[in-house]
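Some notes on the structure that comes next.
The values are calculated or read from the model by the stated rules, or taken from the named source; none is laboratory data. Just so it is clear, the structure is predicted and the values come from calculations on it, not from any experiment. Ideal geometry is used to build each Cβ from the backbone, glycine not excepted, and the neighbour counts take in all protein chains shown. Keep in mind that these areas ignore ligands, DNA and RNA; they rest on the heavy atoms of the full protein, side chains included. Shrake-Rupley method; radii C 1.70, N 1.55, O 1.52, S 1.80 Å.
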Amino acid sequence: RSFTSHTDGESRLARVLREKFPRASAIKVVDISGGCGAMYEIHVESEEFREKRTVQQHQMVNQALSEEIKHMHGLRIFTSAPK
């Protein structure tokens, strides 16, 4: 599938992340389960992560997606603060 079309799950997760991280400079959500919504890879670059350890950044993402995570098999999270 083309990179411009997103699954409903990808769009939903990206929307939640944009709400929770309004200062994010980049948010990317990819369904890595072949489109069934069981596993996602998430990249978030946000000013909110500055001065926080990686584990704290990941906890923030997990907290933001706590409801959605209940329906997933797995989640890969990549976070960073803008350079």
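List the chymotrypsin sites (Phe, Trp or Tyr not before Pro) within segment 1-62 that fall in a DSSP loop (any state other than H, G, I, E or B) and whose Cβ has at most 10 other Cβ atoms within 10 Å.
The qualifying sites are 3.
Count the net charge of all other residues whose Cβ sits under 10 Å from the Cβ of residue 37, scoring Lys and Arg as +1 and Asp and Glu as -1. Value of the local net charge: -3. The lysines whose alpha-carbon is closer than 24 Å to the alpha-carbon of residue 83, local same-chain residues fewer than 8 away aside, are 20, 28, 52. Under the criterion of Cα pairs below 8 Å and six or more residues apart, the relative contact order for the chain equals 31 percent. What's the local net charge at residue 50, with K and R +1, D and E -1, over the other residues with C-beta under 14 Å away? After counting each charged neighbour, the total is 0.
Ranked by accessible surface with a 1.4 Å probe, highest first, in what order do 15, 50, 23 come?
From most accessible down to least: 23, 15, 50.
Largest accessible area first, the residues 25, 11 order themselves as 25, 11 under a 1.4 Å probe with ligands, DNA and RNA left out.
Once backbone amide H atoms are built at 1.01 Å from N, residue 33 has 38, 39 as its partners under 5 Å, excluding neighbours fewer than 5 places away on the same chain. If you run the Gaussian network model on the chain, springs between alpha carbon atoms under 10 Å, then out of 43, 71, 58 the most flexible one is 71. For the chain, the longest principal axis of the C-alpha atoms and the axis of helix 8-20 are separated by about 20°.
Computed from backbone phi, the HN-Hα couplings of segment 50-58 come to 4, 6, 10, 6, 3, 4, 5, 4, 5 Hz, rounded to whole numbers (Karplus: 6.51 cos²θ - 1.76 cosθ + 1.60, θ = phi - 60°; Gly and Pro given as x).
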